[in-house]
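Beneath this line is the structure, given in structure tokens, with notes to follow.
A short reminder: the numbers here are calculations on the coordinates, not readings from a lab. Note that the coordinates shown come from a computational prediction; the quantities given were computed from them, not determined experimentally. We place every Cβ from the backbone using ideal geometry, glycine too, and count neighbours over all the protein chains shown.
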């Protein structure tokens, strides 16, 4: 603990020291700053490299495309480059210090050796280990599940990241739980990122511009979670021209429209997706006594207004919902009485997120971003109906409404600054607060007989928890020498809930040593605290999982994570990363023995156990980003354990998503301009589950109820999660056919999920047949699933615009 | 929609519907089967004689579990408080009857040995009875189910050390039908089993510990449906004062038996055992009873 505080103090002094140093900086310099955007759309380019070829000083753009480059007072010749764009050179005379640059997207040009090399160099130079920028265009080429492109499913193919199970869109990063990932959409946390009981993520690929995953050692600007950061940015809308994209798939269709409201000033983007299983099944239910249906939809929208070169405003939103319902309507006669039954039961959940953002370029060296956000997640299950009895003309009508819902509502505000005093420092600092309202489980039971309400007795008071979570951080990406770069910082956060207050000072440090021109060594340490928990024992992202706050009885999760990685560029095409990590978690929660998965909000504190967790392992990642053949191979060797005083007899046991071996291969190959194919292969150790080993009779006693008599057998569990499900492996194959049309582009995508129809176990159970024979049964969800989808990109509007 | 298109949609839908249902397949168990060990089972009530059940444990997927009792073991029972010892070498269907009586405040040790299994042993203390001091009752008609419900407040004095209790309610039926258990419910915070929805605990066996009332007078309110007065000769409240082992065993056994039928997604339960080198339970309890006449 003493060392921990010492480290915090050192980091604070180092960061504060930089400010003093900046104030005494040599004044014979000039600072060039501006924005780098994509030429045809006006979209900002994140992590574009702006390099002065005279002084050999460079800078990188932030997520809004802003850069600041402090140089000796002389003319500059900037080379601006970004992966996927054609490099551009620009002479900047002494009297010009504001330079906005528009880069042209390159159309698959395989001879761009320079860009290839820069892309690999950037990976080598990045300070944070375990950081991966997902290439969204590559996601498009990989095979899909039911024709739905899904970034989260692609992320599951990275080393150190695994899924919750067959078809699941859950993320388990380096032995952490699904609640320990900070999933940000335009900087706003998303609580339940799943559609269709976890089989699809809520993120619509078409609307995303940037997906970055940080698996460990995340910088001080991130907080609130202990395992990983998934930072997703929505497109900002095309400032230049209109663009329409869409796709029609087996179960869902989507559309995206973007364009300028006022050219180069205001742009919008709207994307929407909806499933239509409910519509397709409707014709089969015309005469059915029971009718049911399920659908989900999501919608992303954003408006970006450029007030001037210094001020930008953004308003963005995400709205998504899943809804399943069953309607029962029938009547019957019995004992001379007529009965009519009419019931509508439903299950629904969804997120609503709104963010308003103001970007302000304060000066050539400083950039400010102020955000106000609203986030609401709600789950509800309800049953409403009437039961009418007609006894010789005397009618009695019983009506009821039973509803159970939980939700979490956040209001949040933050202001963040980027300060770039010179080429050696990149300082970020900021502060903010989130006001949480938790309704972990609200149960209502209203009943009436012939319109007169009756006392149902069992509706307890609702427990609503309010909490404030302020934070403050400062970090510096400090280039100490040409071969050593360190990112250090402090994140402070607190949690005020009821009469309880928690404080947490979290030091973060990561570094990168360039060993040779083609190799580097990276390290990181992060201490992080998480004040909210997810109550779940299925791990498959069911909407019944409840988000609950830390309370006076249940404290936060604290985690320490160390990692050490080695980067090597092989030839000029491949990047190899070998990384080891060790993570401890204190305060993780798990349901008590025997608790079933239908969670309950009230009194939840009495149903959980608090314990510790450890995870450690090694990851190998070999990636090829450019050329006709692209993709990666990822392998993880890992261990993840849990320890609870009152579970498993107080002995350590494997976490259910402990995967000793996890191999993923994802690759795509462009055969020609019309055809490309993609292959995904996954192989990993089976999930750890609890199965008994021995059984014996229950002891005779007068206390257990009668139906638990001597004939009942008890199952002796040797260890929690002591049994491994069969190995999981799967091959997906896909192909895309591109055709240029007069109006734009048409893409047919063909996919085969689980090509050799491996019945991967979703769960196991013991079946006892009528002859007394007992067998272990595995239940698999998805055999081979072929799918087809059609995507279109309408460029007619573009041409029309261009002509103008 | 054209007929051909309709046909295409229906075919596509048929394919989806065909593929969506889950697939089940028998698989071989590939883990460690565990070792078959001696099982000692005896939950001994104060003032009763020991009848210890000895059996062998079996692999959980074994089909035939009808004859697991062992009648050729050697079972030695020792009163650790006064040193007396008794050995029985032959059991009746695996039940070994002893002359020794479980005396309040005494500790006992059982050692069971068999030629085919490692020797197993366990010890227990016999707790004192805790009488129910008083009981208040009220009745009302449940508006939803139109049945008579009884609210009962019972009180007892909790001794100063850590104590564990189990409460049951039974109706004593007339006509030789005997006792039958009644399920009850409570919002009492001391309940350590069965807590399910919003703090409501319910079941035919409520287990509680004295964390919230150690060494003081405890008042517990429960409610349950009342059988017709014409068919019963009173309702019997039984307060079992248990050892920690008895309580933990019964809670884990109940949880295991309930969750087995409860669903695949229940948290696993590790059955509590105090038997060294074996399975089962050897532990004591004492009861205090109160009959409500109405």
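Tabulated results
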{"quantity": "Distance (nanometres) between label positions extended 7 Å along Cα→Cβ at residue B:231 and residue A:466", "calculated": "5.2 nm"}
{"quantity": "Neighbouring partner chain Cβ atoms per residue of A:574-582, average, 10 Å criterion", "calculated": "0"}
{"quantity": "10 Å Cβ neighbours from other chains, averaged over peptide A:716-728", "calculated": "4"}
{"quantity": "For chain B, built as a Gaussian network whose Cα springs stay under 10 Å, the top-fluctuating residue of B:143, B:159, B:131", "calculated": "B:143"}
{"quantity": "Rg(Cα) / (2.2 N^0.38 Å) computed for chain A, rounded to two decimals", "calculated": "1.02"}
{"quantity": "Anisotropy class of the range A:602-643 from Cα gyration tensor, a/c 1.5 cut", "calculated": "oblate"}
{"quantity": "Length added when fully stretched, residue A:356-residue A:265, from 0.36 nm per residue minus Cα-Cα", "calculated": "31.0 nm"}
{"quantity": "Sum of -39500 (n - 2.57) over DSSP H runs of 4+, divided by residues of chain A (222 nm, nearest 500)", "calculated": "-2000 deg cm²/dmol"}
{"quantity": "Expected 222 nm ellipticity per residue - DSSP helices of 4 or more, -39500 (n - 2.57), all of chain B, to 500", "calculated": "-4000 deg cm²/dmol"}
{"quantity": "Three-way shape label, the range A:150-235, alpha-carbon gyration tensor, a/c 1.5", "calculated": "oblate"}
{"quantity": "Computed E for residue A:326/residue A:566 - FRET, C-beta separation, R0 51 angstrom, nearest 0.05", "calculated": "0.40"}
{"quantity": "Net lengthening on full extension, residue A:503/residue A:311 (0.36 nm per residue, minus Cα-Cα)", "calculated": "65.6 nm"}
{"quantity": "Gain upon complete extension [residue A:748, residue A:370; 0.36 nm per residue less C-alpha separation]", "calculated": "131.9 nm"}
{"quantity": "Most to least packed among A:689-697, A:611-619 [average Cβ atoms within 10 Å]", "calculated": "A:689-697, A:611-619"}
{"quantity": "Gyration tensor (alpha-carbon) shape descriptor, the range A:49-88, a/c threshold 1.5", "calculated": "oblate"}
{"quantity": "Kirkwood-type radius of the range A:403-529, with distances r between different C-alpha atoms, in Å", "calculated": "18.9 Å"}
{"quantity": "Pair residue A:767, residue B:26: separation of 7 Å Cα→Cβ label points (nm)", "calculated": "0.9 nm"}
{"quantity": "Residue mean of other protein chain beta carbons inside 10 Å, A:752-761", "calculated": "1"}
{"quantity": "Backbone N within the range B:96-128 under 13 Å of label point (7 Å from residue B:87 Cα along the Cβ vector)", "calculated": "B:111-114"}
{"quantity": "Value in Å of the Kirkwood radius, where the range B:52-137 supplies the Cα pairs that are averaged", "calculated": "15.1 Å"}
{"quantity": "Estimated FRET transfer efficiency (residue A:779, residue A:276; beta-carbon r; R0 25 Å; 0.05)", "calculated": "0.40"}
{"quantity": "Rh (Kirkwood; distinct C-alpha pairs) - the range B:95-212, Å", "calculated": "18.3 Å"}
{"quantity": "Estimated FRET transfer efficiency (residue A:450, residue A:403; beta-carbon r; R0 30 Å; 0.05)", "calculated": "0.85"}
{"quantity": "Candidates B:24, B:109, B:254: whichever shows maximal mean-square fluctuation once chain B is modelled as a Gaussian network with Cα springs under 10 Å", "calculated": "B:24"}
{"quantity": "Principal axis dimensions, the range A:181-330 - Cα atoms, whole angstrom, descending", "calculated": "65, 42, 23"}
{"quantity": "Label-zone membership for the range B:53-90, site residue B:115, 7 angstrom Cα→C-beta point, backbone N under 11 Å", "calculated": "B:72-73"}
